[in-house]
Each structure stands twice: as structure tokens, then as C-alpha cells.
Amino acid sequence: VVDGAQRITVQFIDGETMTARVVGKDSTSDLAVLKVDPGDRQLVAATLGDSDRVQVGELAIAIGNPYGHAFTVTAGIVSAIGREIVEPTTSIPGAIQTDAAINPGNSGGPLLNSRGEVIGVNTAIEAPSQWSGNVGLGFAVPINTAKEILPTLMAGQTVQRPYLGVYLEDVDQWYARVLGLSTAEGAVVAQVVPGSAAEEAGLRSPQYDRANRLISADVIVALDGEKVTSADDLVKRIQQRKVGDQVELTVARDGQELKVKATLGARPTDQ
């Protein structure tokens with residue numbers, strides 16, 4: 001919403017507008033903090049709820065500006081929790097899914113519960129095509145995710161996120177058969193980023209023969225001794241760590257298991 005903006009204004013329900021400035025933004029979580037000078041005006045902040053307590057089936061209310069229709073309110077339920085939004089520069093685990101009507105223009109608006117508490121920030125929809133609107137699949141950034149980074153953004157600082165430096169895929173039946181794995185679980189290392197913690201730890205990108213057939217690939221099957229079930233599982237658990245933390249990865253490679261240690265770096269701003 002604010003990316004590349006030259007001038008930003010905030011409009012209130014009574015029609016008054018104020019100039020705002022961006023004090024911090026984080027593309028990974030698709031969040032930004034704006035600041036206005038209200039002067040003598042009394043502003044009342046919405047109460048932030050606890051997204052960890054959100055349950056499927058409870059009331060969800062969205063407020064936004066869909067297609068330019070300002071201050072539109074829609075309602076539905078929480079359809080699911082724990083979804084993951086993955087886009088080129090965005091990765092949001094634990095997203096809230098709702099069937100409250102969300103359309104282009106709702107981004108940045110609040111998702112509220114029945115008590116009027118903000119439980120999420122509306123950010124994306126699932127659409128069959130670029131021309132279709134709401135089909136009952138809307139997603140919001142959990143408000144607890146926002147709470148974690150708000151102090152950093154309000155201070156004008158960059159949010160640092162732990163980064164292993166790998167592109168991952170789920171282990172499916174094909175991978176399990178080709179790589180000789182006993183179960184279709186774990187995270188396949190599809191690519192290792194040069195200069196990353198993963199490369200320093202000795203992880204390898206897949207190897208192919210001259211006919212472009214896969215002959216070897218690293219599969220991460222455990223993190224700090226606990227089983228990794230999928231690529232998403234590993235990503236979520238890495239994101240719970242901090243930059244500089246050391247993690248132990250159990251890797252299945254060429255029929256053997258090896259343990260490597262990696263010191264997590266900071267995620268590049270363009271990834």
C-alpha cells in the first residue's frame with residue numbers, strides 16, 4: 001500500500017485528512033507503520049487482541065477501502081488458522097483465513113473479533129484469476145506478528161529475521177523413492193544460497209546426471225533433534241529462532257544421516 005508512495009494521507013470517518021509519513025516498514029510481514037500529527041484532535045486507538053487465541057468459527061469483521069469504497073465493513077467467520085502466505089518478498093506463517101469479503105483496497109485494514117479487538121491485518125486474497133475478486137478466501141497477518149515487530153518499526157529500524165539460506169521443497173513419494181528414503185517426510189534442499197549459513201554448514205544443492213536425472217539431494221529430517229515433517233514445518237521453526245542462533249540439522253544424504261551445525265544469518269532485504 002505504501003511502497004513507492006510519494007505522498008501519504010490518512011482519512012478519518014468524519015472526512016478529515018492528515019498527512020502521514022512512513023516511520024518503518026517490513027516487506028517480509030507486509031506491514032508498515034505510519035505516523036500522523038493529530039494536533040488538538042483526540043485519537044482513539046483500536047484495542048489489539050491476541051491472535052494466538054483465535055479459533056476457527058468465531059466471528060471475523062473486516063474494515064477497509066475495497067475498490068475505493070471507503071470505510072466498508074464486511075463480516076464472516078475465521079475459516080482457518082495457521083495458513084502460510086508465501087510471495088516473492090513475503091513470508092507470513094500463521095496467517096488467519098476468513099470468508100469475510102476482502103477485495104483489493106482492504107489491504108492494511110483491520111480484522112476484528114466480536115469484541116472489537118484487532119486480531120489481524122488484512123493482506124491478501126486467493127483468486128482464480130487476476131480479474132476475479134473475493135471468492136471467500138481472505139488472509140490476514142496475525143496481530144501478534146505485528147506486535148513483535150512494532151517496537152522495531154516505530155524506532156525506524158530494520159527488522160532482522162533469521163536466515164538459513166536454502167530453497168526448500170516437500171518430500172513427496174517421488175523424492176522418497178528416488179532418494180531411497182523410508183518415509184515421505186522432511187524438507188528437500190532444492191537450492192543453497194551462496195555465502196549463506198547453509199553453505200557454510202556444508203549443505204549441498206541437488207546433483208543431476210548428464211540426462212538431468214536427480215542422483216543426490218540433501219533432505220533435512222530434523223532440527224535440533226526434533227523431526228522435520230515438511231518444508232513449511234522447517235521454515236516456521238527457523239523463524240522462531242534469532243539471528244546468530246546456532247541450530248543442528250540432521251541431513252539425509254546418499255543413504256546416510258549426518259549432523260551439521262549452522263549459525264543463522266540475517267535475511268537479505270530482497271528475499
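Extension gain, Ser230-Thr9: 0.36 nm per intervening residue step, less the Cα-Cα distance, totals 75.3 nm. Probing with 1.4 Å while keeping every protein chain in the model, the per residue accessible area of segment 195-271 equals 57 Å². Residues considered: Asp170, Asp245, Asp218. Largest GNM mean-square fluctuation over the chain, using C-alpha springs under 10 Å, is found at Asp245. Per-residue SASA remark: Glu87, around 90 Å² accessible (1.4 Å probe; ligands, DNA and RNA not included).
Taking amide H atoms as placed 1.01 Å from N in the peptide plane, the amide H of Leu168 lies under 5 Å from those of Ala190, each 5 or more residues away in sequence or on another chain.
Springs join every pair of Cα atoms under 10 Å in this Gaussian network model of the chain, and among Pro104, Pro194, Pro142 the largest mean-square fluctuation is at Pro194. If the segment from Ala155 to Ala46 were pulled out straight at 0.36 nm per residue, it would be longer than the present Cα-Cα gap by 37.2 nm. Karplus-derived 3J(HN,Hα) values for segment 169-186, using 6.51 cos²θ - 1.76 cosθ + 1.60 with θ = phi - 60°, are 9, 6, 7, 9, 4, 5, 4, 4, 5, 5, 8, x, 8, 6, 9, 8, 9, x Hz; glycine and proline are entered as x. Compute the Cα gyration tensor for segment 154-214, then decide on rounded, prolate or oblate, letting a ≥ b ≥ c be the square roots of its eigenvalues: rounded whenever a/c is under 1.5, prolate when a/b is larger than b/c in the other cases, and oblate in all that remain. The shape class here is prolate. The convex hull of the Cα atoms of segment 120-182, projected and averaged over all directions, covers 8.3 nm². Using the reciprocal of the averaged 1/r over all distinct C-alpha pairs, how large is the Kirkwood radius of segment 53-101 in Å? Every distinct Cα pair counted, the radius reaches 12.0 Å. Could you list which residues have their amide H under 5 Å from that of Gly24, counting only those 5 or more apart in sequence or on another chain, with H placed in the peptide plane? So Gly24 has HN proximity to Val33.
In the full protein context, segment 1-142 carries 57 Å² of accessible surface per residue, based on a 1.4 Å probe and ignoring ligands, DNA and RNA.
Farthest towards the positive end of the charge dipole of the chain, among the residues Gly94, Leu249, Leu153, is the Cα of Leu153, using unit charges on the Cβ of Lys, Arg, Asp and Glu. Taken one residue at a time, the phi angles of segment 139-144 give Karplus couplings (6.51, -1.76, 1.60, θ = phi - 60°) of 9, 10, 5, x, 5, 5 Hz. Gly and Pro are set to x.
Computed from the C-alpha gyration tensor, the three semi-axes of the ellipsoid equivalent to segment 7-79 are 26, 17, 14 Å, from longest to shortest.
For segment 100-227, pairs of C-alpha atoms spaced more than 24 angstrom apart make up 57 percent of the total.
Taking Lys and Arg as +1 and Asp and Glu as -1, the other residues whose beta-carbon sits under 13 Å from that of Asn113 total -2.
Ranking Met18, Pro268, Val135 by Cα position along the charge dipole of the chain, where only Lys, Arg, Asp and Glu carry charges on their C-beta atoms, puts Pro268 farthest toward the positive end. For segment 183-237, the Cβ-based charge dipole about the Cα centre amounts to some 220 debye (Lys, Arg positive; Asp, Glu negative; other atoms uncharged).
When the Cα atoms of the chain are aligned to their principal axes, the ranges along those axes come out at 68, 37, 35 Å in descending order. Mean-square fluctuations from a GNM of the chain, with a 10 angstrom spring cutoff on Cα atoms, peak among Val189, Val86, Val159 at Val86. Computed from point charges on the beta carbon alone (+1 for Lys and Arg, -1 for Asp and Glu), the dipole magnitude for segment 125-222 about its Cα centre is near 100 Debye. Amide H to amide H, with H built 1.01 Å from N, Ala222 comes under 5 Å of Val228, Thr250, counting only residues 5 or more places away or on other chains.
Using a ≥ b ≥ c from the Cα gyration tensor of segment 198-270 (square roots of the eigenvalues), is it rounded, prolate or oblate, where a/c under 1.5 gives rounded and otherwise the larger of a/b and b/c decides, a/b for prolate? Cα axes put segment 198-270 in the prolate bin. Nonpolar atom fraction for segment 17-78, defined as the carbon and sulfur part of the 1.4 Å probe accessible area, stands at 52 percent.
Using just its DSSP H runs of length 4 or more, each adding -39500 (n - 2.57), the chain gives a mean residue ellipticity at 222 nm of -3500 deg cm²/dmol after division by all residues.
Among the protein heavy atoms, those of Thr19 account for about 90 Å² of accessible surface (1.4 Å probe, every chain in place).
Only lysine pairs 8 or more places apart or on separate chains count here, and in the chain those with Cα atoms under 23 Å apart total 15.
The values are calculated or read from the model by the stated rules, or taken from the named source; none is laboratory data. Bear in mind the structure is a predicted one, so any value in this text is a computation, not a measurement. Ideal geometry is used to build each Cβ from the backbone, glycine not excepted, and the neighbour counts take in all protein chains shown. These accessible areas exclude ligands, DNA and RNA; they are computed on the full protein's heavy atoms, side chains included. Shrake-Rupley method; radii C 1.70, N 1.55, O 1.52, S 1.80 Å.
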